[in-house]
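Here is the structure we will look at, set down as structure tokens.
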Amino acid sequence: MEPGNPQANAPVLSVSQLVRSVRDSLERRFPLQWIGGEISSLRPAASGHLYFVLKDEQAQVDCVMFRGRAATLDWEPRDGLRVEVRALVTLYEPRGRFQLNVEGMRRAGLGPLHERFLKLKAKLEAEGLFQPGVKRDIPSHPRRIGVLTSLGAAALRDVLTTLRRRNRSIPVLVYPVPVQGEGAAAKIAQMLARASERAECDVLLLVRGGGSIEDLWPFNEEAVARAIRACAVPVVVGVGHETDLTIADFAADRRAPTPTAAAEMVSPPRAELLARIAELGWRASREARRRIEYAVQALDSLARRLVHPAHRLRGSRQLVDQLAARLASLMGHQLELHRYRLRDSPQRLSSTLARRFEAAAARLALLRAGLGSLDPAAVLARGYSITRSAEGTVLGDAAAVREGDRLTTTLAKGTIESVVQGKGRP
């Protein structure tokens, strides 16, 4: 202390006294009033209190809305909403932190970032980028998994830990990219294109942990959404927490609520695979044993049917002897039959020929009678005639001739040449 200093005898304040004094000054200087801004980093607590940041383009302030006040809201606050809060400007003494104690809140419209989000979502949705038909299937047993994220991100540790726990036999390839800040979206899109071109993996995980809407904004850029859909490898997006939703989630082939969930989604549990392999091995062994048993039974059946060649030869000789005896007997019988037929044949042949001659004579007489009834000469003999044109055509209709035509008429005896002078009606 310097002698004569007027502040030398001033009282020394404790930190608590100083903070409380500043708090009282703020609350007296700024009574309850309406303040407008955009919600960001909203964190509902288990107690029912709401913690969030209220911001504009140039500044931000921490806010708390206690459970009793939050319960009066008939709508759900969320990041990106532009709101107006009726708040008390104060200081949180335990941390000496400037904050607003929110007594009431009303919606004032969507914040600029959220408006951009909705416009881009509507545009890409109209183009069909989010249609289920364009989504690719996620392989159930990937041979290699690719992870796109920052090397220092907690999400990478969570993903690697999960993959190692579930199935350490699957190789993992990390594609390092920034997941926050200026230019991150362009670099994510470039890395997706590179991973697609290399085709080193069967599935890609695009992941990062939670954060404010500004932190997650690279995943709301159009370039990232189009790169996901243009990628030749299926893409699973796990960004933020379960309540966070980005354009990349809509464009992805599959959306996971968290990075850990994304890792679980693409990695079949090793224990389950081993159990399945063991079951298939047991079933294959059982089937092989059954087939062997069937083969043994078939072999036994064939063995019973197997006969020694000597026995088979003896049986064949007996059969040949039997057939020879039957052949000799049959030949003797046939010889006697032919002898009988030779003795009887002259009488039988004479009788048969006589009968056939009589039948043929009767048939000839019948045919002659029928032929006589059809003979044209017989018809002409009964007074009929046949008239032909000059060309020799037989005429049956007077309409077929004209006056002056020359005709020839055939009678039973002779012919008549005539010229048509007139025609009468039939």
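Note on the stretch 58-76: residues that are outside any helix (DSSP H, G or I) and over 14 Å from G36 (Cα atoms) amount to 9. Counting only residues that are outside any strand (DSSP E or B) and surrounded by 14 or more Cβ atoms within 10 Å (Cβ to Cβ), the stretch 27-41 holds 2 of them.
Going by the structure shown, is R289 basic (K, R) and either assigned by TED's automatic domain parsing to the domain that holds G181 or buried (at least 20 other Cβ atoms within 10 Å of the Cβ) (or both)?
Values: basic (K, R): yes; either assigned by TED's automatic domain parsing to the domain that holds G181 or buried (at least 20 other Cβ atoms within 10 Å of the Cβ) (or both): no.
When the stated conditions are applied, R289 does not pass them.
If we scan the stretch 135-143, do we find a residue that is touching a Leu at 6+ places or on another chain (Cβ under 6 Å) and in the same structural domain as V224 (by TED's automatic domain parsing)? Explain how you work it out, then say what you get.
Start the filter on the stretch 135-143 by keeping residues that are touching a Leu at 6+ places or on another chain (Cβ under 6 Å), which leaves none.
No.
Only one of these is surrounded by fewer than 18 Cβ atoms within 10 Å (Cβ to Cβ) and either over 26 Å from the mean Cα position of the chain (by Cα) or touching a residue at least 24 places away in the same chain (Cβ under 8 Å) (or both): R208, R116. Name it. Please lay out each step first, then the result.
Numbers: R208 fails: surrounded by fewer than 18 Cβ atoms within 10 Å (Cβ to Cβ).
Going through R208, R116 in turn, just one is surrounded by fewer than 18 Cβ atoms within 10 Å (Cβ to Cβ) and either over 26 Å from the mean Cα position of the chain (by Cα) or touching a residue at least 24 places away in the same chain (Cβ under 8 Å) (or both): R116.
Here is a check on your reading of the model: is G96 of a type outside the set (S, T, N, Q), touching a residue at least 60 places away in the same chain (Cβ under 8 Å) and outside the structural domain of D244 (by TED's automatic domain parsing)? Spelling it out, G96 is indeed of a type outside the set (S, T, N, Q), touching a residue at least 60 places away in the same chain (Cβ under 8 Å) and outside the structural domain of D244 (by TED's automatic domain parsing). All told, Q58 falls short of being modelled with pLDDT under 85 and of a type in the set (S, T, N, Q). For beta carbons closer than 6 Å, sequence separation of 6+ or different chains, a first residue in the stretch 41-54 that is within 13 Å of R69 (Cβ to Cβ) and a second that is part of a loop (DSSP other than H, G, I, E, B) and of a type outside the set (A, V, I, L, M), the qualifying pairs are H49/F66.
The values are calculated or read from the model by the stated rules, or taken from the named source; none is laboratory data. Computed from a predicted model, the values in this text were never measured in an experiment. Here Cβ is always computed from backbone atoms with ideal geometry, including for glycine, and neighbour counts include all displayed protein chains.
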